[in-house]
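Worksheet: the structure to be examined is printed underneath.
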Amino acid sequence: MQPRRSVVRCPKGIRPGFDLCPHFFGKRLPVDQLSHGRGSIRSTAHSQTSRSRWKSRLGVVCRGAMFDPVSPQVSFPELDATQLAFWENTRIFEKTLEGGEEKQPFIFYEGPPTANGMPHPGHVLTRVMKDVFLRYRTMCGYYVPRRAGWDTHGLPVEVEVEKELGISGREAIQEYGVEAFSRRCIDSVFKYIGEWQKMTERIGFWVDFDSAYVTFHKSYVESVWWALSEMFNKGLLYQGYKVVWWWPQGGTALSAGEVGQGYRTIDDPSVMIRFPVVGEERTSFLAWTTTPWTLPSNVALAVGAKTDYATVELEDGERLVLAAALVGKVLGEEANVVATRKGSELVGVSYEPPFRYAEPQGGPAWQVVDADFVSLDSGSGLVHLAPAFGEDDFRVCKEKGMGFLQLMKPDGTFPDEVTDFAGRFCKDADRDIIRNLSARGVLFKEEVYRHDYPFCWRAMDDPLIQYARRSWFIRTTQEIDRVKENNQAVHWEPDHIKSGRMGQFLEGNVDWALSRERFWGTPLPIWKNDETGAVESVGSVAEILERNPEAFAHFEKAKAADPTLQDHLMVHKPWIDAVSWTKDGEPGVYRRVPEVIDCWFDSGCMPFAQWGFPHQNADAFERNFPADFITEAVDQTRGWFYSLMTISSLMFPQRALPHPFKNCVVLGLMTDEKGKKLSKRDKNYTDPLVLMDRVGADAVRWALYAGTVPGQSTRFFDDAATDAVREFLLKIWNVYSFFVTYANIDGWTAATARPALADRPDMDRWVLAELDATVRAVRRELDDYKSHMAVRHLLGFVDGLSNWYVRRSRARFWASDDSDDKRAAFSTLYEVLIDLAKLAAPFVPFMTETLFQNLVHKDDPAAPESVHLASFPEPDAARIDEELRKTVERVRNVVTLGQRVRNENKLKVRQPLAEAIVVVADDEERRGIDRFASAIREELNVRALGFTQEPHKYVEFELVPNFRVLGPKLGKQVPACKKALAEADGSALYAEMEANEKIVVQLPNGPIELTPSEVEVRLSAREDFAASSGSGQVVVLDTRVDDSLRREGLAREVINRIQRARKTMDLAYEARIEVKWNADGELAEAIEEHAARIAGETLATGFSRESAPGSAHDAEIDGSTLSLSISAV
RNA sequence: GGGGCACUAGCUCAGGUGGUUAGAGCGCACCCCUGAUAAGGGUGAGGUCGCUAGUUCGAGUCUAGCGUGCCCCA
């Protein structure tokens, strides 16, 4: 449904039809959109009524207004557009960074995203979470540089390019050409950079894209090289084996994510094999495996150290050793157990392996070891270990110092040494191996084992195998204590990350497998002498040129031929692979090893690599190290957070902890309404840009702040954003619109003299006290990185502002006289709105800017140009008034109780009542509440507010122990005390307490004295009154309606009917009318009695009792007919 | 299999250091207001705080075990 379009005349007399009216909503909104209202929220056309009423108000506004008129109907997306243009034109973001040298810095590191996919709501969340704390710190006077970054390396990028090219695998890439492939990768990583920037700008995340660091850039790569060469020189970089999920047919390892995509349920052979014990006649270990093809590479058997192992003698005298708990399952219940040993007793025992094609190298072999992963769920309780083909196997064998044997070629076939199966594919050979074992009597039992097993996601018939590859490692285990110490010093939000997810991850830390056998990544800066095997590492291009000035001649030549070749590519494959050097007096040529590195190492280097440190910008690095604040999603715990912390711990051991970040907010994953992961495939989310165009960026931001507790998954759905509009944005907007409308009508301006705080009425001082409390609370929460808590304080304040302050103060603003009270009201609401705009600016930067521009900046050249250049509100000691805050809380509670009484007794508010009686605890409370007597009388529509002198008449008393005080004092006697108080006559005890300031209670152990502070008095309304109690208060209503009250009630009904008629007639607020009426009996009496008031409240200049046949506005009131004829004057 | 997190109203979620009437918003019911007006407001119903033990005078909160869900790793 399209909102109707129409043109509203500009209030300042700009010619009709003018496209851009400078007087609405800042500078850029087309006039013809003014009356659409919130098509964004509810896409309906506005009625004639609201439009013409608004017009009529504009008519009043035109007389010398200070503030631009504000429609209560607002389109937040359109405001966004205005402010985005304003910020861009006036370069507000850049201005927040001016004068940075004199300010205290607040350092932020941007975790670099990869722009080869579209941004989704999860990215929106991290961006707005970054933004709120950065804007807050900026307004607090810090210098907050925000440099963007792009992560550009890694397997996902390569896979994306492979998809584009329709190729797959290492060989295909080599065939395509590594150089061309690298260039495609560069194009690919920026494929969606436009969308990322657009989303970032649209959501209002200020970040400097112009100076963004890019991980493939030459200076960045050189910094990474420097880090690696430092580690190499400290002996922290070494080559070893790593067991990976290997795709034999493709010749490549797969990442965990890829492996996860390819699981299938299949049947594998499950075999139990005899491993004869050396030195024990006719005795064998019975071990179990589901991968027979790994048996030729067996190195050890694993047992559980604490597990019991039984020796079982079979009928033919053969003995088998297996877990005692599994004897029945494997050999039957009547098996003959002749001995039992602990697993620990078996450790070190040698056995005969099933195959002896080759001897394991590098340590002993064919012995029993103990391992933590041996389970008794299946098998025999002894596990065959082949370190070349299993991660656990590898780890245990390494820990125990066992040897290593890998009888399998990378293509998945057996090498020639395995004479019986040479050339056979591993999985295909299983059957023949089993047959071979069976023939030799080594096989004990064969079964089928159904389980999930990974296959290659790109070729679902190709099984993956675990396979040990030569790989480069960082010896993080050597320095892990320093990393742990660093972790302890970080402020994590939520706190449990420290000892939980991150702490546990560090506990299980293994050396960082750094190298990748891929193409697009930072090349490992290690050169190996092809004759001597000597190894060198370099930390920059300059270091290479020192060794061989001609090292990059091939690159320069290629560049001359093709000017599009970026310098950045000289430090990438394939160019870097052609770089070599020789050394005087040393045979052989130094050539680079083929690997590139894990891209997590790249991003973990960003604290220094973003500056090209140490090769350049040493001062910039020092100024920006460490970061005060970072935030990303929880999946970065073992990603970026780990790489940052580990690299920094290794590189800068002398620096004060923590580094390179002090505060880290860890965000949960985003899910949809039902808790399901957001996924492009399921389309279970609205494109953030689409959503923002519908409800505005502030609504999306607010919904995210309100719904996000760090560490918890965030359920996000479109309704949350519309709720944000209603609950927060529109409430503020309504108050703002209200203020501007009446300030303009009244001619109130910021220059009007303001009454001193002490001279303002309670209501004003109250709202300012609430404001001050909110300022303190929001500051405290934001300082603590608890944005969701800050949100709650803001919501509470806005509710009080809208539903108590403005509602109760409306009449003060439209008073016609020129009073101090009115000036106080305008001053107060003005000051509150400005501080509220500043207070909420970090959260909802768009709307608050609109308020600020209109309320402050427009006519005050001395004011900051933007709310984001203003100072965050400071606590103001003068505004503190806890007593008043408490009083108003009680006053509001009195109103609530009174309303409840009316509801329960079906007494509508329109019917006046004689009196409301409040039961108060003491005179002080009474005086406090009495200060708001008129407000309470109006809210409850009672003629008088009384305070009872006889509480016992209305109220039952109950005394309850003050547990917090009496608990420590009485200990186990507390329940007895509670019981005694409950059983006693509460009212009598209360009277005793009033008289003596103490009471005596009989307990089983003797009497005790209780003072007033040791008990709580509970009041409850007696049932024979129209009364209600709650929060320690009681309110009684006099429900008797006498004739006078009834007539007043009827008069209000009449006013109500005439007002409704005015609305039906679509009259302007200030339009005068003439009323002719007729009625009978009591209704007529009531009208006659209250004629002046009725006429006054309905702006009737004529009000006469005449028969008016055929009137359009006849109504019925309590069964009587009211004849009404109304005409505009 | 290991680790982490969560479980509170129909729904989405808050509930520093244990203190006895467990809160909010939405939704629902009833109602009010009509000069913020296709807006706004009030009152109410609705909860054995996942389950079971334990510590304690006292547990939504602390401890242990179990269950369910999600995340990370294997």
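Values quoted throughout were computed directly from the atomic coordinates according to the rules given, and no laboratory measurement underlies them. Since we're looking at a predicted model, the values are computed, not measured. Ideal geometry is used to build each Cβ from the backbone, glycine not excepted, and the neighbour counts take in all protein chains shown.
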Hey, which aspartates and glutamates would be in cross-link range of A:LYS979, C-alpha to C-alpha under 13 Å, not counting anything within fewer than 8 residues on its own chain? A:GLU958
A:THR749 and A:VAL535 label points (each 7 Å along its Cα→Cβ direction) are spaced in nm at 7.8 nm
Euclidean distance of C-alpha centroids, segment A:882-928 and segment A:337-378, integer Å: 82 Å
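To the nearest 0.05, how large is the calculated FRET efficiency for A:ALA85 and A:GLU1016 if R₀ is 56 Å and r is the Cβ-Cβ distance?
So, using R0 = 56 Å, E works out to roughly 0.40.
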Once you list every other residue whose beta carbon is under 10 Å from the beta carbon of A:ALA371, what net charge do they have if Lys and Arg are +1 and Asp and Glu are -1? -3
Scoring chain A by relative contact order with C-alpha pairs under 8 Å, at least six apart, yields a percentage of 11 percent
Residues with amide H under 5 Å of A:ALA627's amide H, sequence separation 5 or more or different chain, H placed in the peptide plane at 1.01 Å from N; which? A:PHE661, A:LYS662
How charged is the neighbourhood of A:CYS397? Take every other residue with its Cβ under 15 Å from the Cβ of A:CYS397, and add Lys/Arg as +1 and Asp/Glu as -1. -3
With +1 on the Cβ of every Lys and Arg and -1 on the Cβ of every Asp and Glu, the dipole magnitude of chain A about its Cα centre, in debye rounded to the nearest 20, is 2700 debye
Reach of A:LYS998 by Cα under 14 Å, taken over aspartates and glutamates that are not fewer than 8 positions away in the same chain: A:GLU1009, A:GLU1014, A:GLU1016
Quick check: net charge around A:ALA1086, other residues with Cβ under 14 Å of its Cβ, Lys/Arg +1 and Asp/Glu -1? -3
Show me the three semi-axes of the equivalent ellipsoid for segment A:722-838, from the C-alpha gyration tensor (sqrt of 5 times each eigenvalue), largest first, rounded to whole Å. 26, 16, 11
Estimated inter-spin distance, A:GLU195 and A:GLU315, nm [label 7 Å along Cα→Cβ]: 7.1 nm
Distance histogram for chain A (every C-alpha pair counted, 20 angstrom bins, percent rounded to whole numbers): 9, 27, 28, 21, 12, 3, 0
Viscosity 1.306 mPa s, temperature 10 °C: Stokes-Einstein D of segment A:832-961 from its Kirkwood Cα radius, in µm² per second? 86 µm²/s
Once Rh is set to the Kirkwood radius over Cα pairs, what Stokes-Einstein translational diffusion coefficient, in µm²/s, holds for segment A:698-762 at a temperature of 10 °C and a viscosity of 1.306 mPa s? 107 µm²/s
Suppose only helical runs count, i.e. DSSP H with n ≥ 4. What mean residue ellipticity at 222 nm does that imply for chain A under -39500 (n - 2.57) per run, divided by all residues and rounded to the nearest 500 deg cm²/dmol? -11500 deg cm²/dmol
How far is it, in nm, from the label point at A:ILE266 to the one at A:ASP923 when both lie 7 Å from their Cα along the line to the Cβ? 9.2 nm
What does the extension gain come out to for A:ARG792 and A:SER816, with contour length at 0.36 nm per residue minus their alpha carbon separation? 4.9 nm
Bins of 5 Å from zero: percent of alpha-carbon pairs in segment A:355-499: 2, 7, 11, 15, 18, 16, 10, 7, 5, 4, 3, 1, 0
Answer check: segment A:957-1047, Cα atoms, Kirkwood Rh, Rg/Rh ratio of 1.18
Ordered by residue, what ³J(HN,Hα) values in Hz, to whole numbers, does segment A:968-985 give under the Karplus form 6.51 cos²θ - 1.76 cosθ + 1.60, where θ = phi - 60° and Gly and Pro are x? x, 6, 9, x, 5, 7, 4, x, 5, 5, 4, 5, 4, 5, 5, 7, 6, 6
Give the long-range amide H neighbours of A:VAL214: residues separated by 5 or more places, or on another chain, with amide H under 5 Å away, using H modelled in the peptide plane at 1.01 Å from N. A:TRP150
Give me the number: length gained by fully extending A:GLU446 to A:GLU883, i.e. 0.36 nm times residue separation minus the C-alpha to C-alpha distance, one decimal in nm. 149.0 nm
List every residue whose amide H lies under 5 Å from the amide H of A:ARG591, counting only residues 5 or more places away in sequence or on a different chain, with H placed 1.01 Å from N in the peptide plane. A:LYS528, A:ASN529, A:ASP530
When the chain is fully extended, how far beyond the present Cα-Cα distance does A:ASP420 get from A:GLU171, taking 0.36 nm per residue of separation? 86.6 nm
When only C-alpha pairs under 8 Å and at least 6 residues apart count, what is the relative contact order of segment A:451-605, in percent? 26 percent
Defining a contact as two alpha carbons under 8 Å apart and six or more residues distant in sequence, what relative contact order in percent does segment A:889-1003 show? 22 percent
Tell me which lysines have Cα within less than 18 Å of A:LYS198's Cα, excluding those fewer than 8 residues away on the same chain? A:LYS130
Please work out the FRET efficiency for the pair A:LYS858 and A:VAL690, using the Cβ-Cβ distance as r and a Förster radius of 41 Å; give the result to the nearest 0.05. 0.80
So for R0 = 41 Å, FRET eff. of A:GLU938-A:VAL974 from the Cβ-Cβ r, to 0.05, ends up at 0.35
If N is the residue count of segment A:100-177, its Cα Rg over 2.2 N^0.38 Å rounds to 1.65
